[in-house]
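The values are calculated or read from the model by the stated rules, or taken from the named source; none is laboratory data. Small disclaimer: the values here were computed from a predicted structure and weren't measured. Please note: Cβ atoms are built from the backbone with ideal geometry, for glycine as well, and neighbour counts cover all protein chains shown. Heavy atoms of the whole protein, side chains included, go into the accessibility calculation; ligands, DNA and RNA do not. Shrake-Rupley method; radii C 1.70, N 1.55, O 1.52, S 1.80 Å.
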Amino acid sequence: MSSKRIMSGMRPTGRLHLGHYFGALSNWIKFQGQYQSFFSIVDWHALTTKFQNTREVEPNIWEIALDWLCVGIDPEVATVYVQSAVPEIAELHLLLSMFTPHNWVEREPTLKDMVKMLDSDESAAKEKVTYGLLGYPVLMASDILTFKGELVPVGKDQESHLEFARDVARRFNNFYNVDFFPEPKPEFTTTPLLKGVDGQKMGKSFNNDIKIADTEEDTIAKVKKAITDRTRIAKSDPGHTNLCEVPWPLYQIFASDKALLEKVKGDCESAAIGCVDCKVQLAGLINEYFRPMREKRKALAADPDQVRKIIAHGNQKARKVASQTLHDVREIMGMINW
Ligand code: TRP
């Protein structure tokens, strides 16, 4: 295993869906055997928008932990922890904030999008842009730099945050004349955006997602609603896989071999199978793929003590690394290490 460190995180905002799995988690699983991996459930980041509903955060920490563990994030190999259990991250956030120019945080493009999302009314939205939300990228930089992460697997939407983290790392090294923080590089996920059952990008808030934790029945019901070939009106009309919006792209992911794809295409284009039957067959493949993970999830969910222990152990491992970094940072900045 390389000594290079990889760091990534997710906000605990709910159960994860197939987009998270193919877009992020499957990469993390690949990386965890290659690099020293730090995977964080970033609950403080959730607070930046959930400050009035703080109690909604904790249950989602357990949901996300179950999702990660059941798909194969291995707590024996990777360090899996909760951000708020590592106070050193908050201390670094504070120290970084001292030399981060405020116009750096104000110009973050994602902040502008968030303001729009928080409230359609502009003045109401302004009130929701808290000091903490403004500090979102500083906190994310602390997440990464506390662990001296060099590679950060994230989606393309996080690009500006990563640039921000690099700028902050560089500024620290320049100001204190050290070569201490590596400049973290994004490792963009290459999986094409997964479409939800309505043909739009799969997303929790769009109500079009299939969750890792869904039951087999839920999965079948959801896939049955997926948009197919809009030009195929009657079952006896031949279909067109190239016009099939959701099931056919999903078949590319879930079909075990080319022969099956050929058969599905043939059956569709000769009208030997209708869209509903074809989707039920697809749901079967999805269920087969996730069955072992869902079974593992159920077993873990039935044993919350074990999950708590796994996370507590990860928190401990993370703190060990974090306290070393903060010890060094204090020394570099001339603070007292009491
Ligand atoms: N901002 C990230 C997101 O919304 C989550 C995140 C917080 C993160 N801290 C991080 C990702 C550190 C990677 C590294 O997806």
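Data overview
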{"quantity": "Rounded to the nearest 20 debye, dipole of region 214-297 from Cβ charges on Lys, Arg, Asp, Glu", "calculated": "160 debye"}
{"quantity": "Interatomic Cα distance distribution for region 214-297, bins of 10 angstrom, percent", "calculated": "19, 51, 25, 5, 0"}
{"quantity": "Relative packing of 213-219, 88-94, which averages over residues the other C-beta atoms within 10 Å, highest first", "calculated": "88-94, 213-219"}
{"quantity": "Candidate aspartates and glutamates - alpha carbon under 20 Å from Lys128, same-chain residues fewer than 8 apart omitted", "calculated": "Asp43, Glu56, Glu106, Glu108, Asp113, Asp119"}
{"quantity": "Square roots of 5 times each gyration tensor eigenvalue, C-alpha, region 238-338, largest first, Å", "calculated": "52, 20, 9"}
{"quantity": "Listed residues Ile64, Tyr136, Thr79: farthest to the positive end of the dipole of region 60-187 (Cβ charges)", "calculated": "Tyr136"}
{"quantity": "Cα coordinate range in the chain, projected on the principal axes (Å, largest first)", "calculated": "77, 46, 36"}
{"quantity": "³J(HN,Hα), Karplus 6.51/-1.76/1.60, whole Hz, each residue of region 25-37, x for Gly, Pro", "calculated": "4, 5, 5, 4, 5, 5, 6, 4, x, 9, 10, 5, 10"}
{"quantity": "Mean Kyte hydropathy of -1.0 or more with a Cα span along the axis of at least 27 Å, helices from DSSP in the chain", "calculated": "275-301, 304-333"}
{"quantity": "Fraction of accessible area attributable to carbon and sulfur, region 214-297 (%, probe 1.4 Å)", "calculated": "57 percent"}
{"quantity": "Value at 222 nm in deg cm²/dmol, rounded to 500, when DSSP H runs of n ≥ 4 in the chain each add -39,500 (n - 2.57)", "calculated": "-17000 deg cm²/dmol"}
{"quantity": "Among beta bridges that DSSP assigns inside the chain, antiparallel share in %, nearest 5", "calculated": "15 percent"}
{"quantity": "Gain upon complete extension [Lys201, Arg230; 0.36 nm per residue less C-alpha separation]", "calculated": "8.6 nm"}
{"quantity": "Environment charge of Met335, counting only residues whose C-beta is closer than 14 Å and scoring Lys/Arg +1, Asp/Glu -1", "calculated": "-3"}
{"quantity": "Of the trypsin sites (Lys or Arg not before Pro) in region 233-316, those whose Cβ has at most 15 other Cβ within 10 Å and which sit in DSSP loop", "calculated": "Lys235"}
{"quantity": "Amide hydrogen neighbours beyond the local backbone of Thr79, cut-off 5 Å, H modeled", "calculated": "Ser37, Phe38, Phe39"}
{"quantity": "Residue with peak Gaussian network fluctuation, the chain [Cα springs, cutoff 10 Å], from Gly72, Gly203, Gly266", "calculated": "Gly266"}
